[in-house]
Amino acid sequence: MELLFLALLVVIMAFALGSGFPVAFALPGAAIVTIGLAAAAGWLFAGDADSFFIDGGPVEWLSAGVINLRGVYWEVERDTLIAIPLFIFMGIMLQRSKIAEDLLETMAQLFGPVPGGLGISVVFVGALLAATTGIVGATVVAMGLISLPAMLRNNYSKPLATGTIAASGTLGQIIPPSIVLIILADQLASATDQASAARKALHKASTGELSMPSEYDVSGTSAGEMFLGAFVPGLLLVALYMLYILLFALARPKLAPPVPFDGARNARFWGRVTLTLVPPLALIFLVLGSIIGGVATVNQAGAIGAAGAMIMAGYRLKEGESLAYVPAIIGLAAIATLFVTATQFDLNIRSVDTAQDRIGMTIALVAVAALLVSLIWSGLRTLRIDDTLRGVMMETAKTTSLVFIILLGAAVLTAAFRAFGGEEIVKGFLESLPGGFWTQFVIVMLVIFILGFFLDFIEIAVVVVPITAPILLADPGANITAVWLGVMIGLNIQTSFLTPPFGFALFYLRGVAPREVKTTDMYKGVIAFIGLQLSALVIVGLVPPLVNYLPNRVNLTAETAPPPRNPQLQRCLEDYVLAEIEAAGPAIGGTVAAARRLELSYLPEDLAEGLTESFDAAETALRLLPEAAEAGRAKDAAAEAFRPVLRAVRRLERDIRRLEEEADEIELRAGRMRDESLAEARAELETEAAALRAEAEALRAEIPADWDETFAAFRELESAETALLRDYRRAGDASAEAPAELRAVLASTDALRALEAPLRDMLEQVRSATDLAALEDAVTELRSAAGDVEGAREVRSAVNDARRTIRDDAPDRAVAAAALEEALALQAAQIAWRERAERELLPGLETYVTEITQTVGARQLERMPRAMALSIAACESNHRDLSLHF
């Protein structure tokens, strides 16, 4: 029955969409109708409204308090969607203020003389508008009104002209900031959690281990990472478009002729080009640069974009009038002042305690006030001139409402789909396909591409992604990143704007195109660009670093970068260290040998022994890592034959578990049928369960007889590598621990030297005080001061002995004085060996530490050096097969 209602859900949804019913109501409406019918059928025929639901049901949902869609389908911490109205506002404001029109006209004049120059200028402006507006409809309409007539007047091919405009208008879907990327990031956040749980369950079922190492977990994503990941693929798509137009123009010059510029390319021309290009480019830099630099979150960057767009609109709407640029100049001056002030002063208002801090805070407050004046002034202009601000706000509200209503409706539809077992059916279908992950991935991409012929990008993103993304992300064999999957889906969804019969970019262009341009011309024109989009999809699929590298680079070079000890970075860190050892092994060994020759006899015994052990550990680590790499190569060689057998056995075991789970469920249902009138139905269920168990046993018999021996032999190779890596990591950590400790001790020598005067003063007070008990607080403070000095434990202990004596009921003045005299002697002795160590030992030790922490001792660093971070970012950008661990 569940399958019946699942089919009914799909049919109702398809009928509603096909009949033209609004998507925002078709999705939840289909779910609500189907859920109501299933609940009514369960209550009428089985006495329980939840009977025909595999995963929960209406009664369970209501009893759990699931009545608030916002609380169910979005967590408070996931505030990514707040950025959507901000970016929509930015895009519509730039379009309404005719900045897009200026860009098109100026770029046409700049690129016109080049073969295919008008088409290239349309692509260039489309890329700029994509990075500033991201609104496909507005971009296509603007370019269709301005560029299409010019292209037709200059004898451009109608298919090429319309295809170029339609395709360029869709760049806003993949070039950040993009609404679709924000929605995908939000959907993938939940998908990543589900995939992580599924992978942990698979690891437990495959290995029997209760916990999965964190390095095998699924990597998540955010809107900021999606923006970074889509940046290079977006530029790749722009390059493909431009290259195609250029080659087309060279091959068939009559269909894309150059257009000479009649005017003079003088200072006035270049000034106009600069004034047209620089503000949008500056806005792009502020929005994307603030995200990439870690200065702002995506939401904050959206606010920056919205404010910047309003300031730009303020001077564009007053173009040619006096004082037109004054608000923008004030805003720029305020931003520059804030930037300079932030580099010269600490602008944390809670830490203002000096006159200089107050000066910096005052300057910053004045700059903020000036920026507010600029924003308010520009806002008033946009409100008064053609009521632009009101129109932009209304369009923003409408578009945002549409997006969020569709998101809510899709969440209801997805819940119903899962409740009827649809997700398990999809998972079972994908897992049953031969070829593993890539077959599943191609099928999902094909489904998304086909859906693009009929559905908008939002419906595809919020319906398909929650169902298929957890399945694809959970696969340990491919071990793809969520950001890569999101960008791949984004590139695929982008084709939905171009594919007939419901390509929205075609509809937008049809509405503004002249009558002589036929719809068939548009369909012909977009075919080549659809091919280019699919080519970009293939290129990005085959080269994951195009997506993964930039987010990794930003993440690993940021102030908040994870330390080298992070478990997920170990493999790439060890690859980096191994390359360093292979390139400079003798030099590193020479550094360790030079450190061994340092004189350590005058150091405290524990520090001297620690340094000697660190030098031993460094030599051990330099030996163990190449040995571990050799063991890894032996394991990889054996894996060539082992991996296909492992996959076959794991597939059989998965099918066996599925059959046994189905048999258990059927037997449970049969066991509840205690009434004799249900004996026949119970017997049928028992027969069905027995058949499933027999099928499971047949599959179990297909597992190779020597599987246990084969598995044990491979695990022995893997264990050898794991043991060597474990010993290497311990030795590497030990190689830097004692030197780091000694460096910290020597760095505190001045603090130890400063203790001499307080110790002598305390000794004099103990000798002369009439009431020793009155000195207890002062001695306690002195003990704390000694405890704060690295390596001064003995001094602190002696002071503590004096404190203990003073606190006695009958304090002994001589004992307390002797303890303080001992503390002074220990302090003097420590100063003596520390000063000698600073002269004779520290330079050589610094050389050793610098060399070791760049290689085998890197895990002891709090933050990776830039070269190391970049190498690990490149390494982490490739997907690593983890199937051997499952």
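The values are calculated or read from the model by the stated rules, or taken from the named source; none is laboratory data. Since this is a predicted model, take the numbers as computed values, not measurements. In this analysis, Cβ positions are derived from the backbone assuming ideal geometry, glycine residues included, and neighbour counts consider all displayed protein chains. The protein model used for the area step is the full one, side chains on, heavy atoms only, and it has no ligands, DNA or RNA in it. Shrake-Rupley method; radii C 1.70, N 1.55, O 1.52, S 1.80 Å.
Counted by Cβ distance under 14 Å from PRO811, the other residues give a net charge of -1, where Lys and Arg count +1 and Asp and Glu count -1. Using a cutoff of 8 angstrom between alpha carbon atoms and counting only pairs six or more residues apart, the relative contact order for the chain works out to 16 percent. Taking each DSSP H run with n ≥ 4 as -39500 (n - 2.57) and averaging over every residue of the chain yields -26000 deg cm²/dmol at 222 nm. If R0 equals 51 Å, the separation of the Cβ atoms of LEU145 and VAL295 corresponds to a calculated FRET efficiency of about 0.90. Within the same chain, aspartates and glutamates fewer than 8 places from LYS98 are excluded, and of the rest, those with a Cα less than 20 Å from its Cα are GLU319, GLU321, ASP386, ASP387, GLU395.
Could you tally the net charge around ARG565, taking each other residue with its Cβ under 13 Å from the Cβ of ARG565, Lys/Arg +1 and Asp/Glu -1?
That sum, taken over residues with Cβ under 13 Å, equals -1.
Between the stretch 733-807 and the stretch 551-610, the alpha-carbon centres lie 33 Å apart. Charge tally for ILE385 (other residues, Cβ to Cβ under 15 Å; Lys, Arg +1; Asp, Glu -1): +3. Mean sequence separation of contacting Cα pairs (under 8 Å, at least six apart), scaled by the length of the stretch 417-508, corresponds to a relative contact order of 33 percent.
Accessible surface computed residue by residue for the stretch 631-756, with neighbouring protein chains in place and a 1.4 Å probe, gives 58 Å² per residue.
For the stretch 100-206, rounded, prolate or oblate, judged on the Cα gyration tensor with a ≥ b ≥ c (square roots of eigenvalues), a/c < 1.5 rounded, else prolate if a/b > b/c? Because a/c hits 1.5 or more and a/b exceeds b/c, the stretch 100-206 counts as prolate.
According to the calculation over all Cα-Cα pairs in the chain, the P(r) per 10 Å bin from zero is 2, 9, 15, 17, 17, 15, 12, 8, 4, 1, 0, 0 %. Surface composition of the chain: carbon and sulfur make up 61 percent of the accessible area, probe 1.4 Å. Relative contact order for the stretch 529-634: 21 percent, from Cα pairs under 8 Å spaced at least 6 residues apart, divided by residue count. Computed FRET efficiency, Cβ-Cβ of GLU599 and GLU640, R0 56 Å: what is it to the nearest 0.05? With R0 = 56 Å, the Cβ-Cβ based efficiency is 0.60.
Distance from the alpha carbon centroid of the stretch 320-365 to that of the stretch 414-453 works out to 54 angstrom.
Taking a straight line from the alpha carbon of LYS204, these lysines sit under 22 Å away, with near neighbours fewer than eight places off in the same chain left out: LYS427. For LYS524, the lysines whose Cα comes closer than 29 Å to its Cα, not counting residues fewer than 8 places off in the same chain, are LYS158, LYS254.
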